[in-house]
Amino acid sequence: MRLVAILRWPALLAGLIVLYLYLIFVLCPRVAAAEPTNGLANPGFENGLESWTEPFFGSPFGLSSTTFHGGILAAAQTVPLGGNASQDYWSEIYQNLPIAPGQPVTFSGYVRTSFAPAATNRAGLMLQFFDANGLALGEPIKSPAVGGATAWRLVAVSSSAAPAGAVSVRATLYIWAGIGDLLANTGEVDFDDFVV
């Protein structure tokens, strides 16, 4: 009798271990790794241009439902015919985000260009810091500019530390073309899937 009880003990212990593992890994909710947060609202333009500010210069940005990186929409901008006849062409959209002095910031996302190879058109990303009075602090920080005809390309711009007095940072998407460059006319850029 005692021998039977001793032989059952390992089986009972194994059953308890299996039950414990079942409870831990199946019934208990799993703790997911924290996903990085995105400071941008509507970063992939799935809600149109909502949450993005467009200044009163340049041509209005539009949306592309045929050329996008993720989702079903991307922001799109085309240099209008004659848009750079008498001055450089510049158009942008942006979001302002809160920031603290010394805080690092990186702004990245995907850019696709369809510019003539010899045209001056360039597209990119830009960061600009502002103080509590809305005054710009220092010069804007620009990403490497994208020109020519490119497939979707990941582009980024960053600052290791926001300057003293900074309370906000402006994350800007832009397109530029040089004055009088006829090749720049009708050049198009698409922007999608951004993160700050």
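Here the range 110-154 has 56 percent of its accessible surface on carbon and sulfur atoms, given a 1.4 Å probe and all protein chains in place. The order of 88, 192, 131 by accessible area, most exposed first and with a 1.4 Å probe, is 88, 131, 192.
Computed extension gain for residue 72 through residue 161, at 0.36 nm per residue and net of the alpha carbon distance, reaches 28.6 nm. Ranked by solvent-accessible area (1.4 Å probe, protein heavy atoms only, all chains present), the residues 93, 72 order from largest to smallest as 72, 93. Compute the FRET efficiency between residue 195 and residue 65 as 1/(1 + (r/R0)^6), taking r as their Cβ-Cβ distance and R0 = 25 Å, and round to the nearest 0.05. Rounded to the nearest 0.05, the efficiency is 0.70.
The values are calculated or read from the model by the stated rules, or taken from the named source; none is laboratory data. The structure displayed is predicted, hence computed values, not measured ones. Reconstructed Cβ throughout: ideal geometry from the backbone, glycine too, with neighbour counts over all protein chains shown. Quick note on the areas: whole protein, heavy atoms, side chains included, nothing else; ligands and nucleic acids left out. Shrake-Rupley method; radii C 1.70, N 1.55, O 1.52, S 1.80 Å.
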